[in-house]
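**Student:** Okay, handing you the structure first.
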Amino acid sequence: MNRILSKSEYLFLHSKHTYSVRQISTLIEPKAFVNGSWVSSNSGAVFSVHDPSNGSHLIDVPDMDEHDTTKAILAASRAFKSWKETTGKERSQILRRFFNVCQEHQEELARILTLEQGKPLPEAKGEIVYGNSYLEWFSEEARRGYGDVVPSPDKTKEFILVREPIGVAAMITPWNFPNAMLARKAAAALASGCTCVVKPSPDTPLSALAFASLAQKAGVPDGVINIITTSKNLESVSKTICENTDIKALSFTGSTRIGKLLYNQCSSTIKKISLELGGNAPFIVFDSADVDAAVKGLMASKFRNVGQTCVSSNRIFVQSGIYEAFINALKENIMGSLVLGNGLADGVNQGPLINERQVQNVEHLVEEALEHGAKVILGGKRASNLGQLFYEPTLMTDVLPNMRIFKEEIFGPVVSIIKFETEEEAIHMANDTQVGLAGYLYSNNIIAYYF
């Protein structure tokens, strides 16, 4: 049966796992990080960071505004003048030290991540390993800033392509992978000779602050990495980043809605932009598929980070010949393997959703689907015995293309099943979306993989 901790068990875990973040980490300062120093906001304003599993207060950090942001950009711009002159070998050595320091602090980084984001500790440890791998990779790539010689139509001339660091790179990072997405963006920028201004999500700023602390320990020069924490001033800070002419590139991971706004705001300064936005991944299971293998794959894709990933399976298409067998096997797996609770507790593999807004979004999608004929086989409601941000792993059938849950990214632990008859029908429904990012297919017929 699906293992959900009893209220008494969970209250015990609350008492056992309620911390101030300073109790488990020396890496976190209640400050932002600008030009190598821990700083308060110019206004003195702060906002609170909470543990989503129990709502406990972790720490207050500066609520910075556009004036603070401009100072951080100026620090990064000044640091760029010397950082761009370092050799690839020098940057490689610094990044390698950074990687080594992060490796030494894996456990601490994972606990910070679980506290502020809620994901189970084993999953958090996996993210830290993943994030650190980018530092390792780009420590090697820093040596390979190769140019090129391009053939010329004029025999008296030669075209030489030289790769140069573009300047200050801004990074707006998400709450679902606050360590790994920052490491991926920052490591590439540093390897190239660029400096960084980072605005983490207000839900998860602590991973970014810990990242900056370790960068300093590793010898990353002052001003090369700057962390701006903000909550109430999200719009003005983001607008400042997009419109400041010293920012030459922007990398954003987050929702499609916000990505469009940033894209528009960057247009006046013609920045280079990298956007990783929302998904609506199809997961297609044909009659010829190994049902057990398909269920195993779906469990891994759907319930990682409680479904809060942009490549999570969102629409599950199952062919009619194996439909009942697939539903039964999936139901058994959900009930038998998923354990909800505090991410620091042993055995837990499903944490809370990130905030009340996200829980309400999942609730509305499920409610709207039920109103239009979908059925709930498992779950379908909050796990109220655990806390306000826990949502039960949910299995829904009879989902149709006209429902919001089919059209929109769920970002929660809800499996929505759509039955199909023919390959053509599955392909048509899978492609009936404006977004991409990922897709999954299970079949023992090799031809199906090339439709």
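The values are calculated or read from the model by the stated rules, or taken from the named source; none is laboratory data. All of these numbers come straight from a predicted model, not from anything done at the bench. Methodologically, a virtual Cβ is constructed for each residue, glycine included, from the backbone with ideal geometry; neighbour enumeration extends over all protein chains shown.
**Student:** Restricting attention to segment 59-75, which residues are under 30 Å from Leu344 (Cα atoms) and surrounded by fewer than 23 Cβ atoms within 10 Å (Cβ to Cβ)?
**Tutor:** Scanning segment 59-75 gives Ile59, Asp60.
**Student:** Could you identify the single residue in Ala281, Ala293 that is in contact with a strand residue (DSSP E or B) (Cβ under 7 Å, 6 or more places away or on another chain) and surrounded by fewer than 17 Cβ atoms within 10 Å (Cβ to Cβ)? Give the steps one after another, and end with the answer.
**Tutor:** Working: Ala281 fails: surrounded by fewer than 17 Cβ atoms within 10 Å (Cβ to Cβ).
None of the others qualify; the one that does is Ala293.
**Student:** Could you grab me the full set of residues in segment 269-313 that are outside the structural domain of Ser255 (by TED's automatic domain parsing), in a loop (DSSP other than H, G, I, E, B), more than 15 Å from the chain's Cα centre (by Cα) and hydrophobic (A, V, I, L, M, F, W, C)?
**Tutor:** Residues satisfying the conditions are Phe286, Ala289.
**Student:** Just the residues that are of a type outside the set (A, V, I, L, M) and not in a strand (DSSP E or B), please, taken from segment 31-51.
**Tutor:** Lys31, Asn35, Gly36, Ser40, Ser41, Asn42, Ser43, Gly44, Asp51
**Student:** Which one of Gly373, Gly436, Gly387, Gly380 is on the phi > 0 side of the Ramachandran plot and surrounded by fewer than 16 Cβ atoms within 10 Å (Cβ to Cβ)?
**Tutor:** The match here is Gly373.
**Student:** Another question, then. Only one of these conditions is not met by Arg357: (1) under 24 Å from Glu408 (Cα atoms); (2) not in a helix (DSSP H, G or I). Which number is it?
**Tutor:** Answer for Arg357: the failing condition is (2).
**Student:** Oh, and also: Looking at Leu340, Leu344, Leu378, can you tell me which residue is touching a residue at least 24 places away in the same chain (Cβ under 8 Å), touching an Asp or Glu at 6+ places or on another chain (Cβ under 9 Å) and over 26 Å from Lys419 (Cβ atoms)?
**Tutor:** Only one candidate qualifies: Leu340.
**Student:** Can you name the condition, by its number, that Glu136 falls short on among (1) assigned to a helix (DSSP H, G or I); (2) within 19 Å of the chain's Cα centre (by Cα); (3) in contact (Cβ under 8 Å) with a residue 12 or more places away in the chain?
**Tutor:** With (1) assigned to a helix (DSSP H, G or I); (2) within 19 Å of the chain's Cα centre (by Cα); (3) in contact (Cβ under 8 Å) with a residue 12 or more places away in the chain applied to Glu136, the lone miss is (2).
**Student:** Another question, then. Of all residues in segment 390-413 being hydrophobic (A, V, I, L, M, F, W, C) and in a loop (DSSP other than H, G, I, E, B), which is surrounded by the most Cβ atoms within 10 Å (Cβ to Cβ)?
**Tutor:** Phe390
The rows are residues; the columns are (1) in contact (Cβ under 8 Å) with a residue 40 or more places away in the chain; (2) of a type in the set (Ser, Thr, Tyr); (3) touching a helix residue (DSSP H, G or I) at 6+ places or on another chain (Cβ under 6 Å).
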site	(1), (2), (3)
His67	no, no, no
Lys84	yes, no, no
Glu90	no, no, no
Arg96	yes, no, yes
